[in-house]
Amino acid sequence: MTVSLRPIEEKDKEEWINLWTGKGGYIEFYKSLHKITPEITDVTFARFLDPKEPVFAVVAVDDESGKLVGFAHYLTHRNTWTIEDALYLNDLFVSENVRLGGIGRKLIEYVYGAADKLNAKKVYWSTQFENHRAQLLYTKVGVKSGFLLYRRPD
Ligand SMILES: CC(C)(COP(=O)(O)OP(=O)(O)OC[C@H]1O[C@@H](n2cnc3c(N)ncnc32)[C@H](O)[C@@H]1OP(=O)(O)O)[C@@H](O)C(=O)NCCC(=O)NCCS
């Protein structure tokens, strides 16, 4: 399969929602469907399209069918250690039936290119310890930061 990558567009909403909160989608992968309300999904999608928001999405489109088969969501923010912004890769997803075909790598490389254009110096992301499949890709395109991620308890 060959895919093309491009920024998300208004017309992608239904297909994107399917990859995001649909069956076999990203949020189900994280067993977090109870956390993502339709309102969150709507606001998140609207932010991708709002030029005032530092929130972005790139989609991978199957060249043959024109269907969406993956996405990466990323955002930029200030960083006290650099003049330039940093870029956080918030979400990365490839449809299960087309995994291991290089689409995940392509999405990350697209995000690296976007970081250069946005003048974001640092690009970083996190993953779960047990997500070995993702880490097989990450060790090829990135380096481990050596930091552990903590958060405020629920
Ligand atoms: C993680 C994910 C995005 C990877 O997407 P993908 O399209 O399968 O990834 P790619 O095919 O580009 O990359 C896989 C790379 O890892 C390697 N790899 C992955 N799984 C492997 C395995 N089981 N054995 C050996 N190598 C493996 C491949 O060799 C490939 O390297 P290459 O580019 O040098 O050939 C995809 O599995 C996914 O969406 N998973 C569910 C959601 C998820 O975990 N998202 C990430 C959250 S942090």
*Between residues in segment 87-102 that are modelled with pLDDT under 95 and residues that are near the ligand (Cβ under 8 Å from one of its atoms) and not hydroxyl-bearing (Ser, Thr, Tyr), which pairs lie under 8 Å by C-beta distance while being six or more apart or on different chains?*
none
*Give the number of residues within segment 48-86 that are touching a Phe, Trp or Tyr at 6+ places or on another chain (Cβ under 9 Å) and either touching a residue at least 40 places away in the same chain (Cβ under 8 Å) or of a type in the set (D, E, K, R) (or both).*
11
*Matching residues in segment 91-114 - criterion: being assigned to a loop (DSSP other than H, G, I, E, B) and within 7 Å of the ligand (Cβ to nearest atom)*: 99, 100, 101, 102
*Enumeration of residues in segment 27-47 that are touching a residue at least 24 places away in the same chain (Cβ under 8 Å) and either touching an Asp or Glu at 6+ places or on another chain (Cβ under 9 Å) or open to solvent by 70 Å² or more (accessible area, probe 1.4 Å) (or both)*: 29, 45
*Filtering segment 115-134 down to residues that are over 14 Å from residue 77 (Cβ atoms) and more than 12 Å from the ligand (Cβ to nearest atom), which residue is least open to solvent (accessible area, probe 1.4 Å)?*
116
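The values are calculated or read from the model by the stated rules, or taken from the named source; none is laboratory data. Because the structure is a prediction, the values reported are computed rather than measured. Every residue, glycine among them, receives a Cβ derived from its backbone with ideal geometry; neighbour counts consider all protein chains shown. Surface accessibility is based on the protein's heavy atoms, side chains included, excluding ligands, DNA and RNA. Shrake-Rupley method; radii C 1.70, N 1.55, O 1.52, S 1.80 Å.
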